[in-house]
Structures are given as C-alpha cells and as structure tokens.
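Q: Got a structure here, written out as structure tokens. Questions coming.
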Ligand SMILES: [Zn+2]
C-alpha cells in the first residue's frame, strides 16, 4: 500500500477514471481522507454535468436562415423549360390552326374574350411583380451579407 | 455529442443536403449544434446583445465555408472552433480586458503537470466535509463556476458539461493539450476548495 496520501492530481485522475494501480487502489480503499477527496470530486463532476446549460432566448435558426444568400434551387431550369415548351406549342397551334381559331373567335362575343383575357393579363402582371419583389429582397440581403464580411 | 444527429443523418449527409440548397437541413444543423455555440459565447462574451450578433455571425460563416469543410473533425467541433475564434476576434477588436485573462499562461512549461504534482503534494489538504449537491448547492456550484478565471470557466464547461475530449478542446481553442490539462486541474481544485469553504460558511 502507498504510504503517503495521493497527490491532488492523482485524486482528480482517480475520481475521473479510476485506476489500475494496485498500490493506489489499496490506499484509497483504506484511507478515509483520500476516499473523501475522491468522492467529493466525483459528486462535483456529476453536479457540473447535470448543471443547467445556457440557451439562447431567440430562435437562432430563424434569424440565420433569413440572412442566407439565395440558395440555388435544384431544378431552376424546369420552369424555363416548361415556359419555352408552352410558347413553342402555342406558336405551332397558331401556325397550323390559325385560320380556324379566327373563324371560331368570330363566333364568340367580345364580352367573353374580355372575361378570358383580362384575368389572364392581371394574373401575369401580379406574378411578374412578386418575382421582382422576391428578387430584389434576396439581392439586398446578399449585398448586406457581402458588406458585412 | 455523437456524430449522428437526432434524425440519424451523418455529418456528411447533412452537409451534402445543405450544399444542395436544402435550408431545412441547415436549420437542423443549427438546432443540433447551437448548444455548444451557446456555451462558448455565454462563457466568453458578457453582453447578451453581442452574443446574439456573434452567434448569427458564426452560422453565416459556417454556411459560407461549408464547402471547404474536410471532415477532419466532427462538424460540431469545427463550428466550435469558428465560434471560439469569432469571440476571440471580437474581444481583440474591442480591446476588452477579458482577452488577457483568456490568453493568460498560454506558454506553460511542458513539464507543467509534473511540477503541479509536486506543488500539489506540498499543499495537500484533507477535505473536511462530504459534498452533497442539493438544489441550493447547485446554485453555489453555478456561482463558483462563474467566479473562475474565464479560461478555466470555459474549459470546465467544455470538458465536464459538454463532455468534449482533450483533442476536441485542442481543436476548438488551439491551445496545447498540456495547457488545457493544467487549466482544468486548477479549475477543479479551486472549485472544490471554494465550494467546501462555502459549505463551512453555511454551517456557521
Ligand atoms: Zn490517503
């Protein structure tokens, strides 16, 4: 058995990891002073582990995500492809059936044409406006972020 | 902290989702790692307003540099390192006194542990009482941790509360392992002594 008490460092190590050293082990087993020191460290370590942790009192993820530079959508080409296809399709329709469409439209009263055309124009304009707003918002965030770094 | 998050995505999976533009994955990453960021900023920065700014700054830097992350450490360790450096840079810029306290004893003798061992044998004192941590003494513990020098306070928290390894703390702080160990040794000893003193005072 080790005759002197364990050093403070040995006690800390013993409290944290135990020991393979039979001399140390038998000393701690028989020495009440060292035992008490070891146990006090162990209960202190446990208390620190269980102590309250600091938490932010705001939603960090929300704040950060609002400032992220515009992420590239994975399928950005998809709307463009759909738009081109529909333009080509409409052009082909007009090209092949242009005269028949004119024939048919002569039969429809102008009121009906207004009812169909006006909402279409308004919806398209609104969509352009929202795309523009979104773009300028993201652009200004991007600028701020670049200035900050 | 494990390499796997609550939704059992590995660091690699999470990073590749974020790089593909998945902002929900980034929100998840923030939720998984903000505990460590909070610990570091609370221990290093006194002003709540500045902590809020710095925490956001950290995650904007993380996002910007994610592409260059090489998985040589855990993602959380890398974020911890960015947080530590961001806070240190802030203290430097503000020329706050704290910085000196943080960097004290930076160049310790490599044999510091041996010398500590000899010193500690000289000043060996018996514990006079058994520490039992109740709800009230948890308050004393919290107060005594706050009273430690800033670096000791930080290291006690990272090692005993966040349960980081020495290597992870080396990666985050850039301090040599010996310095970390000696700060920790002193922090634990001071903490235990002060708590015991508090106990005695309460008894009187
Ligand atoms: Zn003993």
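The values are calculated or read from the model by the stated rules, or taken from the named source; none is laboratory data. Just so it is clear, the structure is predicted and the values come from calculations on it, not from any experiment. Using ideal geometry, Cβ is built from the backbone for each residue, glycine included, and neighbour counts are taken over all protein chains shown.
Q: Would you pick out the residues in segment B:171-184 that are more than 9 Å from chain A (Cβ to nearest Cβ) and either touching a strand residue (DSSP E or B) at 6+ places or on another chain (Cβ under 9 Å) or more than 17 Å from residue B:75 (Cβ to Cβ) (or both)? Break it down into steps so the answer makes sense when it comes.
A: Residues of segment B:171-184 that are more than 9 Å from chain A (Cβ to nearest Cβ), as a first pass: B:171-183.
Hits for segment B:171-184 are B:173, B:174, B:175, B:176, B:177, B:178, B:179, B:180, B:181, B:182, B:183.
Q: I've got another one for you. When you check residue B:38 against the structure, is it under 18 Å from the mean Cα position of the chain (by Cα) and at the interface with chain A (Cβ under 7 Å from one of its Cβ atoms), yes or no? If you could, list the steps in order and put the result at the bottom.
A: Numbers: under 18 Å from the mean Cα position of the chain (by Cα): yes; at the interface with chain A (Cβ under 7 Å from one of its Cβ atoms): yes.
Taking the combined requirement at face value, the residue satisfies it.
Q: Can you tell me which of A:95, A:58 is within 7 Å of chain B (Cβ to nearest Cβ), free of Cβ contacts under 8 Å to residues at least 40 places away in the same chain and either more than 13 Å from the ligand (Cβ to nearest atom) or part of a helix (DSSP H, G or I) (or both)? Show your work before the answer.
A: Details: A:95 fails: within 7 Å of chain B (Cβ to nearest Cβ).
On inspection, the qualifying residue turns out to be A:58.
Q: OK, next. For segment B:79-87, does any single residue satisfy the condition of being modelled with pLDDT under 65, surrounded by 15 or more Cβ atoms within 10 Å (Cβ to Cβ), closer than 18 Å to residue B:50 by Cβ and touching a helix residue (DSSP H, G or I) at 6+ places or on another chain (Cβ under 8 Å)?
A: First, pick out the residues of segment B:79-87 that are modelled with pLDDT under 65: none.
No, segment B:79-87 has no match at all.
Q: Run residue B:23 past the list (1) over 26 Å from residue B:155 (Cβ atoms); (2) out of contact with any helix residue (DSSP H, G or I) (no Cβ under 7 Å at 6 or more places or on another chain); (3) modelled with pLDDT under 95 and report the number of the one that doesn't hold.
A: For residue B:23, the exception is condition (2).
Q: Quick check: is even one residue across segment A:31-41 within 11 Å of the ligand (Cβ to nearest atom), surrounded by fewer than 12 Cβ atoms within 10 Å (Cβ to Cβ), within 13 Å of chain B (Cβ to nearest Cβ) and in a helix (DSSP H, G or I)? Let's see the steps before the verdict.
A: Start the filter on segment A:31-41 by keeping residues that are within 11 Å of the ligand (Cβ to nearest atom), which leaves A:31-38.
Within this subset, residues satisfying the condition of being surrounded by fewer than 12 Cβ atoms within 10 Å (Cβ to Cβ) are A:32.
Then keep just the ones that are within 13 Å of chain B (Cβ to nearest Cβ); that gives A:32.
Filter again for in a helix (DSSP H, G or I), leaving A:32.
Yes, that holds for at least one residue.
Q: Show the residue pairs meeting these rules: Cβ distance below 6 Å; 6+ apart or different chains; first residue within segment B:25-36 and in contact (Cβ under 8 Å) with a residue 60 or more places away in the chain; second residue part of a helix (DSSP H, G or I) and surrounded by 19 or more Cβ atoms within 10 Å (Cβ to Cβ).
A: Hits for this filter: B:36/B:76; B:36/B:80.
Q: Inside segment A:20-30, can you point out the residues that are part of a loop (DSSP other than H, G, I, E, B) and within 16 Å of the ligand (Cβ to nearest atom)? Reasoning before the result, please.
A: Taking segment A:20-30 first, the residues part of a loop (DSSP other than H, G, I, E, B) are A:20-21.
A:21 - this is the single residue of segment A:20-30 that is part of a loop (DSSP other than H, G, I, E, B) and within 16 Å of the ligand (Cβ to nearest atom).
Q: Residue A:51 - would you say it is under 17 Å from residue B:145 (Cβ atoms) and away from the ligand (no atom under 16 Å from the Cβ)?
A: Answer is yes for this residue.
Q: Take residue A:92 and tell me if it is out of contact with any helix residue (DSSP H, G or I) (no Cβ under 6 Å at 6 or more places or on another chain), modelled with pLDDT of 80 or more and in the same structural domain as residue A:128 (by TED's automatic domain parsing).
A: Values: out of contact with any helix residue (DSSP H, G or I) (no Cβ under 6 Å at 6 or more places or on another chain): yes; modelled with pLDDT of 80 or more: yes; in the same structural domain as residue A:128 (by TED's automatic domain parsing): yes.
Spelling it out, residue A:92 is indeed out of contact with any helix residue (DSSP H, G or I) (no Cβ under 6 Å at 6 or more places or on another chain), modelled with pLDDT of 80 or more and in the same structural domain as residue A:128 (by TED's automatic domain parsing).
Q: Looking only at segment B:41-62, which residues are at the interface with another protein chain (Cβ under 9 Å from one of its Cβ atoms), surrounded by fewer than 20 Cβ atoms within 10 Å (Cβ to Cβ) and within 16 Å of the chain's Cα centre (by Cα)?
A: Listed by number, the list holds a single entry, B:42.
Q: In addition: So, of the residues in segment A:1-20 that are touching a helix residue (DSSP H, G or I) at 6+ places or on another chain (Cβ under 9 Å) and more than 22 Å from residue B:186 (Cα to Cα), which turns out to be farthest from the other protein chains (Cβ to nearest Cβ)?
A: Among those that are touching a helix residue (DSSP H, G or I) at 6+ places or on another chain (Cβ under 9 Å) and more than 22 Å from residue B:186 (Cα to Cα), it is A:1.
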